[in-house]
Every structure is written in C-alpha cells, then in structure tokens.
Amino acid sequence: DEGYPVVDIYVQNLNSSGNSVLEENGKQICSTGKTQIEPTINKTSDGKIFISWASGSNEYMKDSISYQILNEEGTELLPVNGTAIINGISGNVSNDLEVIENGNFPIIVWGDNRFESNQQLYFQITDPNGNVIHNPNGITVTDNTNSAQYDIDVTKYPDSDEFAVIWKENRYGFNYQAYAQIINTDGTMVGPPEGILLSTAEVMDQVFTSIS
C-alpha cells in the first residue's frame with residue numbers, strides 16, 4: 001500500500017575467511033512486490049540452505065509463508081520467488097516464525113489468526129522438491145482456540161522423529177502460562193491435544209518461553 005515501503009530479503013554466504021561467496025551486497029531471495037519479513041534460515045543435512053519468510057501487503061498484513069532452497073553456491077533450487085507453505089489465508093501471520101533442521105525435510109512452526117481473533121499455532125514439513133508433507137496450510141499444534149498463543153520456540157529430539165514446541169498463552173483469563181507440545185513428524189501429537197501445562201503458578205506471567 002502507498003506509504004508502506006516494500007521490504008525484500010537477501011542472503012549472503014561467507015567462507016571461513018569472512019569473504020562473501022554470493023553477490024557483494026547479498027542475493028535477493030524474493031521480488032514479488034510484496035513486503036517480505038521474518039526471514040528464518042537453516043541448513044539441510046546435505047548442506048543446502050533453507051530460507052523461509054512471511055509476506056504480505058505490508059509488515060502488519062502478512063497472509064502467506066514461502067520458502068526457498070539454495071545450494072552452497074547460491075543457486076536457487078525451487079522456482080523463482082520461492083514456494084508457498086501457506087498462501088492467502090484470511091488472517092494475519094504473526095512475527096513468530098521458526099524453522100528447525102530435520103534432515104532434508106525442515107520443520108516450520110508459525111502462528112496466525114486465520115479463523116478467530118486469537119492467534120493459533122501451526123506446523124508444516126517440506127521436502128527438497130518444494131512439496132509440503134502435511135495438510136495444505138499446516139496442522140495445529142494444539143486444539144485450544146480460546147486464547148492467543150505467542151513466543152514460539154522449537155527443538156528437535158536427537159535421533160528421533162519427534163520435536164517439541166513451547167509457547168505462552170493466558171488460557172484461563174489471568175496471567176500468561178507456559179505450554180508445550182510434543183509432535184511426531186508424521187503429524188501425530190504425542191502430548192494431549194490441548195498441550196502440556198508446564199507450571200500451575202498463577203501469581204505472575206510466564207514469559208520468554210524457550211526450549212533446547
């Protein structure tokens with residue numbers, strides 16, 4: 001929209017001497033005319049670079065998440081401007097966007113409010129060819145929809161098909177409490193559908209949720 005500058009994302013690969021491997025000012029990843037923000041980056045097990053980002057008409061109205069895979073020379077392996085993980089949802093994608101390594105099938109976790117005013121958490125797994133493994137537009141991390149979920153952090157269990165997500169929400173109308181979910185990469189929940197409450201303390205907010 002007029003008055004909102006378009007923001008693009010760039011990537012650079014540095015060698016062990018600190019010298020640029022790609023273009024001097026970085027390689028542009030997406031140039032659709034929309035604003036691209038919240039870039040995340042990780043490597044696949046075969047050494048490729050996985051980049052994901054949210055985009056929309058401006059930084060406050062983001063309705064899609066896309067990704068691109070580069071080899072170490074910076075060559076794009078998916079179509080120009082990337083491949084959509086979700087696209088054109090009715091709500092807004094939050095600033096919570098995480099990607100973690102999972103061999104050659106990275107896991108992406110994010111929040112959006114596509115159905116209700118409250119932000120809900122979703123995840124998706126992608127393959128090296130630009131395909132999503134699970135349902136289009138992702139799978140919910142918890143079946144609770146009565147309160148907004150924020151401050152995502154994600155970790156993968158070593159030598160396992162399971163990963164864990166942690167977040168905060170004020171589910172019962174008072175202070176924020178920390179919740180977690182354990183998920184198998186096949187899309188099934190290991191924890192209860194509503195998530196795992198990590199602390200029953202109610203006297204103050206539980207914030208800065210993180211997991212390792």
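The values are calculated or read from the model by the stated rules, or taken from the named source; none is laboratory data. This one's a predicted model, so the numbers in the text were calculated from it and none came from an experiment. With ideal geometry, Cβ positions are generated from the backbone for all residues, glycine too; neighbour counts draw on all protein chains shown. These accessible areas exclude ligands, DNA and RNA; they are computed on the full protein's heavy atoms, side chains included. Shrake-Rupley method; radii C 1.70, N 1.55, O 1.52, S 1.80 Å.
Scoring 127-133, 15-21 by mean Cβ neighbours within 10 Å over their residues and listing the highest first yields 127-133, 15-21.
Relative contact order of the stretch 5-77: what whole-number percent is it, with Cα pairs under 8 angstrom and at least 6 residues apart? Show your work: numbers first, answer last.
On the way: 136 pairs, mean separation 18.6, N = 73.
Once normalised by length, the contact order is 25 percent.
Sequence-ordered 3J(HN,Hα) estimates for the stretch 135-147 from the Karplus curve with 6.51, -1.76 and 1.60 and θ = phi - 60° stand at 3, x, 6, x, 10, 5, 7, 9, 8, 6, 10, 8, 8 Hz, glycine and proline given as x.
Dipole orientation for the stretch 1-75: of the candidates 12, 25, 35, 12 has the Cα lying most toward the positive pole (charges on Cβ; Lys, Arg +1; Asp, Glu -1). Calculate one ³J(HN,Hα) per residue across the stretch 129-134 by plugging θ = phi - 60° into the Karplus curve 6.51 cos²θ - 1.76 cosθ + 1.60, and present them in order as whole Hz with x for glycine and proline. For the stretch 129-134, the Karplus-derived couplings read 9, x, 9, 8, 7, 9 Hz, x marking Gly and Pro. Normalised by the number of residues in the chain, the mean separation of alpha-carbon contacts (under 8 Å, six or more apart) gives a relative contact order of 12 percent.
Taking square-rooted eigenvalues a ≥ b ≥ c of the alpha carbon gyration tensor, is the stretch 168-207 rounded, prolate or oblate, where a/c under 1.5 means rounded and, failing that, a/b exceeding b/c means prolate? Write out the running numbers ahead of the final one.
Working: a/c = 3.19, a/b = 2.91, b/c = 1.10.
Cα axes put the stretch 168-207 in the prolate bin.
Accessible surface of the chain, 1.4 Å probe: 47 percent of it comes from carbon and sulfur atoms. Decide, for the stretch 54-165, between rounded, prolate and oblate: order the square roots of the alpha carbon gyration tensor eigenvalues as a ≥ b ≥ c, take rounded if a/c falls under 1.5, and otherwise choose prolate if a/b is larger than b/c, else oblate. The shape class here is oblate.
Suppose every Lys and Arg Cβ carries +1 and every Asp and Glu Cβ carries -1, with no other charges. What dipole size does the chain come out with about its Cα centre, to the nearest 20 debye? Before the final figure, lay out each step's value.
Numbers: 9 positive and 29 negative charges, 18 e Å.
Around 80 debye, computed over the chain.
Do you know the relative contact order of the stretch 121-212, to the nearest whole percent, from alpha carbon pairs under 8 angstrom that are 6+ apart? Spell out each step's value before the answer.
Working: 179 pairs, mean separation 23.4, N = 92.
Relative contact order, the stretch 121-212: 25 percent.
Where a Cα-Cα gap under 19 Å defines reach, which lysines qualify for residue 27, not counting those fewer than 8 residues away within the same chain? Within the straight-line limit of under 19 Å, residue 27 reaches these lysines: 43, 48.
Packing, taken as the mean count of other beta carbons within 10 Å per residue, orders the peptides 145-152, 161-168 from highest to lowest as 161-168, 145-152.
Once a ≥ b ≥ c are taken as the square roots of the eigenvalues of the Cα gyration tensor of the stretch 1-122, is the result rounded (a/c under 1.5), prolate (a/b larger than b/c) or oblate (a/b not larger than b/c)? Working shown, then result.
Values: a/c = 2.36, a/b = 1.47, b/c = 1.60.
Judged from the Cα gyration tensor, the stretch 1-122 comes out oblate (a/c at least 1.5, b/c at or above a/b).
If the segment from residue 90 to residue 71 were pulled out straight at 0.36 nm per residue, it would be longer than the present Cα-Cα gap by 3.5 nm.
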